[in-house]
Structures are given as C-alpha cells and as structure tokens.
1. Would you list the helices (runs of 4 or more DSSP H) that sit entirely within the stretch 53-116 and hold 2 or more residues that are within 34 Å of the chain's Cα centre (by Cα)?
2. If you take the residues in the stretch 135-147 that are without any contact (Cβ under 8 Å) to a residue 24 or more places away in the chain and open to solvent by 90 Å² or more (accessible area, probe 1.4 Å), which one is nearest to Glu74 (Cα to Cα)?
3. Show the residue pairs meeting these rules: Cβ distance below 9 Å; 6+ apart or different chains; first residue within the stretch 351-368 and under 14 Å from Ser207 (Cα atoms); second residue open to solvent by less than 70 Å² (accessible area, probe 1.4 Å) and hydroxyl-bearing (Ser, Thr, Tyr).
4. For the stretch 222-248, which positions are under 21 Å from the mean Cα position of the chain (by Cα) and open to solvent by 30 Å² or more (accessible area, probe 1.4 Å)?
5. Looking for whichever is open to solvent by less than 80 Å² (accessible area, probe 1.4 Å) and at pLDDT below 90 here; the options are Leu158, Leu132. Which one fits?
6. Any idea which residue in the stretch 64-87 is modelled with the highest pLDDT, counting only those that are more than 19 Å from Tyr150 (Cα to Cα) and out of contact with any helix residue (DSSP H, G or I) (no Cβ under 7 Å at 6 or more places or on another chain)?
7. For the stretch 261-285, name all the residues that are among the aliphatic types (A, V, I, L, M) and in contact with a strand residue (DSSP E or B) (Cβ under 9 Å, 6 or more places away or on another chain).
Amino acid sequence: MAMWLSKHLNSSLLTRDNLIARQFPHVAFEASKHYQRIKMISNTLFIQLLQERLGEEDCIRRGWILDGIPETREQALMIQSLGLIPKHIIMLKAPDTVLIERNLGKRIDPQTGEIYHTTFDWPSDPDVQNRLVEPAGISELETAQKLLDYHRNIIRILPSYPKILKTISADQPCVDVFYQALTYVQSNHRTNAPFTPRVLLCGPQGSGKSLQAALLAQKYGLVNVCCGQLLKETVADKSSFGELIEPFFEKKVTVPDSIIIKVLVQRLEKQDCVQKGWVLHGFPRDLDQAQMLKKVGFSPNRVFFLNVPLDSIIERLTLRRTDPVTGERFHLMYKPPPTMEIQARLLQNPKDSEEQIKLEMDLFYRNSAELEQFYRQAIILNGDQDPYTVFEYIESGIINPLPTKVS
C-alpha cells in the first residue's frame, strides 16, 4: 500500500530496511555494521538515519511516506522532538487471523526481490514461479509473535498523533484500501505541524517592504529575497544570467520578465529557501508576473499588501539623501545629518523626485487591484504606522491569518 501511494504521489518511500541498507556517510556505516551483528540498531542511531534521509533534497521537495515507522513510542517521541511531524497518519487494520494467512502465502523472487503471494498475486511467468522462495520468519508462530509485539507498541504510538490519524480496514480489496488512503492524504486538514513560510510582501516604493522583510528574516530565519538586489548580485557574480542582465542595467531599461523569473527560480530552488522558507519583495509587480511565479511552482502561502497614502510616500522618499563622501544615508526628517557641513554635500537620488514617485505610485496602484484579486487570501495592512506595529500584524498573519483588511 505504501509503495502504491509513493508512486501515485511521487513521494519518497522510507522503510526500516531501506534506511539501514543505504550507504549514508559516517552514521550509516556504523549502523550497517551494528545491524549485521545483532539484526537491530538502537533507537538513537535509527532516528539519526531517519533524520539524515529526510534532510535530503528529494524528501524536502517531493515529500515522504514512512512505512512502519515509528515502531515504538520512544521512536515516535524522538521523531517529534526533531520537528519531524507528518501531515497524515494511516493505520491499516485487519484481524490477526487474516494477517497470518496473508503472511503464510508470501514468496520472494531471489533475483529481483519482488514479493508475490500464492493466492493474491501469483506470477504468470513459469520461470519466475519456479524460482520463488519462502522468506524467513513467516511461519504462523513467528507471525503471531510479531503481531503481539506490534499490538503492544501501537497502542502507545497512536496517542502521539490524535488529530491526524485515520483507521482504514485492510480486510477488503487492495484497490479499495488504496483509494480510501489516497483520498485521505490528499485532504487538507488543520494540523499542528509547522509549515515552511513563503511570504510575499507587496506595496509601492517606500511602503516599508524592505524593512519588514529584514525583520522577518532576522526573527524567523527566512531567506530575504529582494528581486532588485538579487538582479544586482547576479550581475556582480558574472554568471551567465548576469551577462544577460548587464546590458539592460547599462541602458537603464527594465529587465525582461522571462530573465527575472529564471533568476528567481534559481534562487528559490536553493536548499536554504526550501528548508527555511523565504520572504520575497519587489516581484511580482503585476498580474502577468504573478501568473509566471505560480506557473514555475513558487506560489507564496502568505501574502501581505502594505497600503500607504501618497502624501506619506512622498514624505518618506523625497527627503532621503546620501552622503557622497561616506555613502551614509540620511532622512531630513527622521534621520537628519549631524552637521551643516554634511547636510551641504548631501545628494538626492533622481528616483526620489516627487514627479518620479507619483509615476511609480500610479503604476503600482493600477496593477495592485488585479494582484489583490489574484491573491484572494492576501492580508491588506495599513503600512502608514510605526514599522514595528506593522511587523506585529504581519507576524500574526503568518502564525494565524487575520481578517482580509486590517487597519
């Protein structure tokens, strides 16, 4: 059953045997020797194997299915303590007499490792039939002992997963069991399992996106992905994408969306973004870009729009200045220069002129209505208040989504 689900959902299947058989560096080598000696390994070593396997790229990106893991309550608690919390738990239940009968009929092809059954899944090829062997440990007495151990452990494991457990009768055709299991794992129920935040901050220039992204990155360890900064870093790295972008920078024209999305995908696919989550700002700016982001598989699971009136934006941006000598940035109202000498030499970025800001604001709000419609679950915030108050609202929206509009 687990193998069917794994193939259908394109998830990685993990069992006790294939975990131990894999040649992990360091940990697995020691486990393999220990396992061969006494046919079992300690819980600590086994959970180390599991943690290392679940940290690999295929498990992180595709998801995983644990078959027969955890085996004991101790293992369940150790797994939970590492933050490895499944979204669904399925318990397949059948009478012991049925399970013993099924086990007695098992046969293995020693050449391929394929498992067959004398009643339910007998091979049609006579050559395969002739070479099948009975696996060790399937006698009635041995199976009954294994079931006794299983029942003793399972009643202590199940209370660890009270809200995500579904019991399915296995005493019915396999196809029926499979579809019941598939329907359950494809359902979206609320769970205490942590999720990986993928946060999108939208707002006009000067709305405070960069500050909020920095605060989120600092507090929650998210990867701060500023689209504009990412493009500059790509050019500085002299990469192949950088060579494509540089001519547009030199001509001071907009980089095509097709190039931007490739650079973004390359960044968001990296291990730190996949494991820690990310906060993106500066992209998308319109509906077409949002659809492109969705098409390449990087839809955010939290979206915030920071609304700030034009007067406040103009006040924030037109009073920004830079010291050409030191490179330090000032604001004539919020962070004035310490001396008249410094003030006299300050320069204003042409992009911070009132005319340019009004053009940028007009462009943003012409596109924002379509973006808000596209991201229907977005949380709309008043960005014209103390930045740490705004941050508290964003925090609350990540942990527990707020009503659509917050003032």
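1. Numbers: elements: 57-62, 73-81, 96-104.
The qualifying helices (runs of 4 or more DSSP H) are 57-62, 73-81.
2. Lys146
3. Here the result reads Asp352/Thr318; Ile357/Thr318; Phe364/Ser207, each pair linking the stretch 351-368 to a residue that is open to solvent by less than 70 Å² (accessible area, probe 1.4 Å) and hydroxyl-bearing (Ser, Thr, Tyr).
4. Correct list: Asn224, Cys226.
5. Numbers: Leu132 fails: at pLDDT below 90.
When all the criteria are applied, what remains is Leu158.
6. Taking the stretch 64-87 as the starting set, the residues that turn out to be more than 19 Å from Tyr150 (Cα to Cα) are 64-65, 80-87.
This time we only want the ones that are out of contact with any helix residue (DSSP H, G or I) (no Cβ under 7 Å at 6 or more places or on another chain), so: 81, 83, 85-87.
Values: Ser81: 72, Gly83: 69, Ile85: 74, Pro86: 84, Lys87: 81.
Among those that are more than 19 Å from Tyr150 (Cα to Cα) and out of contact with any helix residue (DSSP H, G or I) (no Cβ under 7 Å at 6 or more places or on another chain), it is Pro86.
7. Once the filter is applied, which keeps residues that are among the aliphatic types (A, V, I, L, M) and in contact with a strand residue (DSSP E or B) (Cβ under 9 Å, 6 or more places away or on another chain), the stretch 261-285 yields Leu264, Leu268, Val279, Leu280.
The values are calculated or read from the model by the stated rules, or taken from the named source; none is laboratory data. This structure is a prediction, so every number in the text was calculated from the model and none was measured. For neighbour counting, all protein chains shown are included, and Cβ atoms are generated from backbone atoms with ideal geometry for every residue, glycine included. The protein model used for the area step is the full one, side chains on, heavy atoms only, and it has no ligands, DNA or RNA in it. Shrake-Rupley method; radii C 1.70, N 1.55, O 1.52, S 1.80 Å.
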